[in-house]
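The structure under discussion appears below in the form of C-alpha cells.
The values are calculated or read from the model by the stated rules, or taken from the named source; none is laboratory data. Note that the coordinates shown come from a computational prediction; the quantities given were computed from them, not determined experimentally. When we count neighbours, we look across all protein chains shown, and the Cβ atoms used for this are built from the backbone with ideal geometry, even at glycine. What goes into the accessible areas is simple: the full protein's heavy atoms, side chains included, and nothing from ligands, DNA or RNA. Shrake-Rupley method; radii C 1.70, N 1.55, O 1.52, S 1.80 Å.
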Amino acid sequence: MAKCTGLYGTPEKIAADVHVLYFVDDDAFFKKTADLLGSALKATVLDDRTKGDFTGAVDELLPLVAGDARYVLVGLGAKDALRAETLRRASGRAAREAARFVAQSLAVYFPSEEVVRRHMHLSFEECVHTVVEGTLLGLYKYDKFITKQPDAKKGLIKEVRFVAADEGFQGRLKSALETAVTVVDGVELARNLTNAPGNEVSAETLAKEATAIGKKLGLKVVVFGRKEIELHKMGGLLAVNQGSAREPRFIIMEYNEQKRRLPLYVIVGKGVTFDSGGLSIKPAAAMEEMKMDMAGAAAVLGAMQVVAKLKLPVRLVGLIPATDNMPGEGAMCPGDIIRMANGKTVEVLNTDAEGRLILADALVYAQRYKPTGVIDLATLTGACVVALASHATGMMGTSAALKDQLRAAGEKTFERVWELPLFDEYDAMLKSGVADLKNIAGRWGGAITAAAFLKAFVADMPWVHLDIAGTAMLEEATAYAPKGGSGVGVRLLTALFRDVAH
Ligand code: BES
Ligand code: MN
Ligand code: ZN
C-alpha cells in the first residue's frame, strides 16, 4: 500500500506529482474548486461550464497536464444526488486515472465541508474514511507473480497525501486517516489471500496467517491439526479432507475473550483453499475460479486484524475450518454417511456441496462461546450468484436484530446484503431416507437449502449466514476494485462491530 499522510492546504501549496480535485455539478460549488485550481495554475480555468467540456457530472474524469504539474479532475454529479458511495467511486476512478501518469505521489483534496456535511450527510471523519478507502482500494493490484512490469514508470504511486483545507481539523484528520488505512489494510489482506492460487494458499498457510496476526496484535490463536480435529469429532471437515494430499486445519482466533462484560460475537469463514468438487468433480471450464473458495476465511482474517488493531470494545472469536476439496485417493464418495461434531449424520449425495459440511462443524464449535451473535461468511452456492449476481451478498438467518445490523452496515459500506427467506418448509427438502439429513436438496432454491442445512447445526444461537459466492470474486473491475478478489466482508464486519461496540 502507498504511504499515506494527512495535510492541510491547497493545490497551490502542496507538492505532489498529481493533484486530485472533486467537482460538483452545480455552479457555486463548481466555481469553488475551479478557483483552487485557478490559483495553482495562475490562470482562470473552467469558468465556462456551459461549453460542456467538464461539468462535474458523475463519472466525468479529466486528466490535465500544465507545465510540471498534473491534475485529475473528477465529477461527483448533482449536489442532491451525492452519497458516500459517489465519493468512494469517484476516488477510486480518479486514483486509477492518476496512476496512468508517470507519477509517484498523489495529493487528494477533500470536497468542501459544506458539500460533505450538507449534501452527503457525512461527518468529517466519514468523508476522510470514504476518500481514503476509494483511493487506496482503487490503486490495489495483485501483481506479485508478474516478474516484469510492462512500463515500470507508470502505475507506481508510492505516496498519497490526503489534504484538508481547514486547519481546525488537526488531529481529527490524523486519527481518521489511521482508522481508514487500518481498514484498507484488512481488505488488502483479504484480497491477496483470495487472489492467491491454491498452490500458494493451503489450510496450513491460512493457519500461519492467523498465527502471525495473533502475534502482531496480541490475539490468542489456537490451530487444530488432524489429531485435535478428530478428537472434536469434526466429521464434516475430516470427510472433505479425505481426498486431499494436505492436512486440514481448524483455526480459532480470540480477541478480548476474557473481557466478560463485553458482548461476544463469533465469525466463521469457509476456508476451502481449492474446490475441485471432489469426486463429484466440477467441469474444467472456470474451475480455476475455485481458488477463491476461502474468501470467507480471508474476510474473517481481515476483520479480526482490523477489529484488534482498532481495539474495538467487543469480544470477537474467528473460526476457520480449512482444507481443500480434492478427488484424491481416499476421497469421500457420493452416498457416504458421515457423522458431524454434534452427532448428527449426513448422507453426502454430492461431494461438491462441501462448504456446508465444514461450516457445520465450525458452527457446532461456536456454541461453546454462547455468543450474542454468530455470522458465517462463505462462497457457498452458485445459486446465490444466479439470484443476486455480484451486487449483493445473500443473507439468511435466525436473528432479526443481527440481520438489521448487517443491513445497516451494508448500506454504510456499500457491501450490501439482501435477505432470502429461510422458512421452516425448506428444512423438509433436506430429509434423507438413511441419515438425519442429506447435503443437497433438489434443483431449486439452492442458496436457501444450503442455509437450511447450516441451520441444523446452530442450535439456539442468534445466527446469520452470508453467502458471498457472487460478491467475493469480481468478473469485472468496479470503480475501486479490480477484477478478482474483492475482500468483501472486511468493511462490512468492521462497520458492524464499530456499531455494536457502543
Ligand atoms: N464453492 C462452491 C460454490 C460457488 C460456485 C462459489 C460458484 C462461487 C462461484 C460450492 O462448494 C459448490 O460447489 N456448491 C455447489 C452446491 C451444489 C452441489 C448443491 C453449487 O453451487 O453448484
Ligand atoms: Mn463445492
Ligand atoms: Zn466450495
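Counting charges near M120 (Lys, Arg +1; Asp, Glu -1) among other residues having Cβ under 15 Å from its Cβ returns a value of -3.
Checking the cross-link pairs K227/K270; K174/K403; K233/K282; K216/K259; K31/K79; K208/K311 against a 24 Å limit on the alpha carbon distance flags K174/K403; K233/K282 as lying beyond it.
Multiplying the residue separation of A28 and K216 by 0.36 nm and subtracting their alpha-carbon distance yields 62.8 nm. What the phi angles of segment 65-78 give under the Karplus curve with 6.51, -1.76 and 1.60, with θ = phi - 60°, is a coupling list of 10, 9, x, 7, 8, 10, 10, 10, 9, 10, x, 9, x, 5 Hz, glycine and proline written as x. The charge dipole of segment 85-147, taken about the Cα centre with unit charges on the Cβ atoms of Lys, Arg (+1) and Asp, Glu (-1), comes to about 300 debye, rounded to the nearest 20. Element breakdown for segment 52-126 at a 1.4 angstrom probe: carbon and sulfur atoms account for 48% of the accessible area.
Here the dipole of segment 187-501 is about 1220 debye; that uses its Cα centre as origin and unit charges on the Cβ of Lys and Arg (positive) and Asp and Glu (negative). Between amide H atoms placed 1.01 Å from N, distances below 5 Å from T393 occur with R416, V417, W418, all of them 5 or more places distant or on a separate chain. Contact order for the chain, expressed relative to its length and based on alpha carbon pairs under 8 Å spaced 6+ residues apart, stands at 15 percent. In this calculation the C-beta distance from Y142 to E475 is compared with R0 = 25 Å, giving a FRET efficiency of 0.95. If the chain linking E12 and A401 were pulled fully straight, counting 0.36 nm for each residue of separation and taking away their Cα-Cα distance, it would gain 135.1 nm.
Using 0.36 nm per residue and subtracting the Cα-Cα separation, the extra length available between N199 and A43 on full extension is 50.5 nm. Amide hydrogen proximity for L474: with H placed 1.01 Å from N in the peptide plane, the residues at 5 or more positions away or on another chain lying under 5 Å are G484, G485, S486.
Amide H contacts under 5 Å for D293: D275, restricted to partners 5 or more places along the chain or on a different chain, H placed in the peptide plane at 1.01 Å from N. Probing with 1.4 Å while keeping every protein chain in the model, the per residue accessible area of the chain equals 42 Å². Cross-link candidates for K309: which aspartates and glutamates have Cα within less than 20 Å, leaving aside residues fewer than 8 places away along the same chain? Once the sequence-local aspartates and glutamates are set aside, what remains near K309 is E125, E126, E133, E178, D185, E188, E209, E254, E257, D499.
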